[in-house]
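Below is one structure, written out as structure tokens; the observations come after it.
Values in this text are rule-based calculations from the coordinates and carry no lab data. Remember, predicted model here, so these are calculated numbers, not experimental data. Glycine also receives a Cβ, built like all others from the backbone with ideal geometry; neighbour counts cover every protein chain displayed.
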Amino acid sequence: MKQIKILPPVILKKQYPLSQSAQDFLLQSKEKANAIAAAVDPGKVFFIGPCSIHDIDSAIAYAKCFKKLSNTLNNRCFLVMRVYLQKPRTITGWKGLMYDPYLDGSNNIQTGLIWSRKLLTILAEMHVPCATEWLDPLSSCFLSDLITWGFIGARTSSSQVHRELASSVYFPVGFKNHTDGSLEDAIHGVLSAKEKQTFMSINQEGIACAFQSAGNPHTHLVLRGSHQGINYDSKSIKTALKKLAAVNLPQRIIVDCAHDNCEKQFLKQKNVFQSVLKQISTGRDEILGVIIESHLKEGNQILEPDKLEFGLSITDPCLNWETTAELISQANCAMC
């Protein structure tokens, strides 16, 4: 087995230090996120951004558009950028910027971690709150201080190590329903991560240690559809809320407009978004917000490193920026 040493988190953080302004911003963003997740803040959260980040320059270009739009919104609309650095794979394929930053199968994880930290630091200095999906729990040791909202994917909501991770961070974490449509694994994940957990990980010096988390009171369910069909409709929402209530969990849900909820037809994300927004506007306060896969340009492209078009996804197809901005503006009007 080939082994390549990775810099410990403390060294990586020293290479990309945060200004006091960025540190203050991150703390305020996490507190805002926790308040929304706890339903203390009546605002709603809107996650927008690429299916996956493959190019730092295009991510920054997107963030500039994001920031400009965010500055026009009222305080009831909390905009968070998707910065997904790890890509789940059913079988094989490109696993994300953190794993294969050069997009060529060289799998230089050290460089991937450096680039990921660099990008998230730049976004923090821009005062752009970021969300990500955790695939490798160890990656949180390098990056979690830069994250405002986290997600556990449909394939890992039943994973004990991911539940332990979610229990240890100071921001909300959403558990997605399984691809077969069942909600139990995700609901059990929400329950588990609220409790104190003892687990193994590495400290900031890169040394293996036993940790005990405090538990995370801001975990919640995410509905992303399934092979069985959509689950953003009113009936499905009511069913999910009843299941949460049955185990004495707060009735809080976020809807993912992509994946099976748009029937893997990315343009239908608009329909999902508008349907959920209507439900929120008519009193369904238990819905905390929505997720959209969005990039500068519409659609996606095949991964050919020498022929890539700027601002176009290399994984799932995305809505373009103009459509995204229009949807967020609709939400902003509805939240007034």
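Data table
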read-out	value
Net charge dipole size for the chain [Lys, Arg +1 and Asp, Glu -1 on Cβ; Debye, nearest 20]	500 debye
Choice from ILE314, ILE237, ILE302 showing the highest fluctuation, given a GNM over the chain with Cα pairs closer than 10 Å	ILE302
For segment 46-54, Karplus couplings with θ = phi - 60° (6.51, -1.76, 1.60), whole Hz, Gly/Pro x	10, 9, 10, x, x, 3, 8, 8, 10
Computed FRET value (nearest 0.05) for ALA246 with ASN271, which takes r as the C-beta separation and R₀ as 25 Å	0.25
Rg followed by Dmax, in Å, when the chain is reduced to its Cα trace	18.7, 58
Share of pairwise Cα separations in segment 153-214, more than 20 Å, in percent	29 percent
Shape call, segment 68-149: gyration tensor on alpha carbons, a/c limit 1.5	prolate
For peptides 242-255, 64-77, sequence by mean Cβ density within 10 Å, most packed first	242-255, 64-77
Rg [Å, one decimal], Dmax [Å, integer] - segment 22-126, C-alpha atoms	15.5, 46
Ordering of 222-232, 197-207, 157-167 by packing [mean C-beta count within 10 Å, highest first]	157-167, 222-232, 197-207
For peptides 12-20, 271-279, sequence by mean Cβ density within 10 Å, most packed first	271-279, 12-20
Rg to Rh, two decimals, where segment 45-92 supplies the alpha carbon set and Rh follows Kirkwood	1.08
Computed over segment 132-222: relative contact order in percent, which uses C-alpha pairs under 8 Å that are six or more apart	30 percent
Relative contact order (percent, whole number), the chain, Cα cutoff 8 Å, 6+ residue spacing	18 percent
Too-long pairs where the Cα-Cα distance tops 25 Å, listed order kept, from LYS243/LYS270; LYS32/LYS194; LYS235/LYS264; LYS5/LYS67; LYS68/LYS270	LYS243/LYS270; LYS5/LYS67
Extension gain (nm, one decimal) between SER281 and PHE211, 0.36 nm per residue minus Cα-Cα	20.9 nm
P(r) histogram, all alpha-carbon pairs of segment 178-326 included - 10 Å bins from 0, percent	11, 30, 27, 23, 9, 0
Max mean-square fluctuation residue, GNM over the chain, Cα-Cα springs under 10 Å, options ALA33, ALA214, ALA131	ALA214
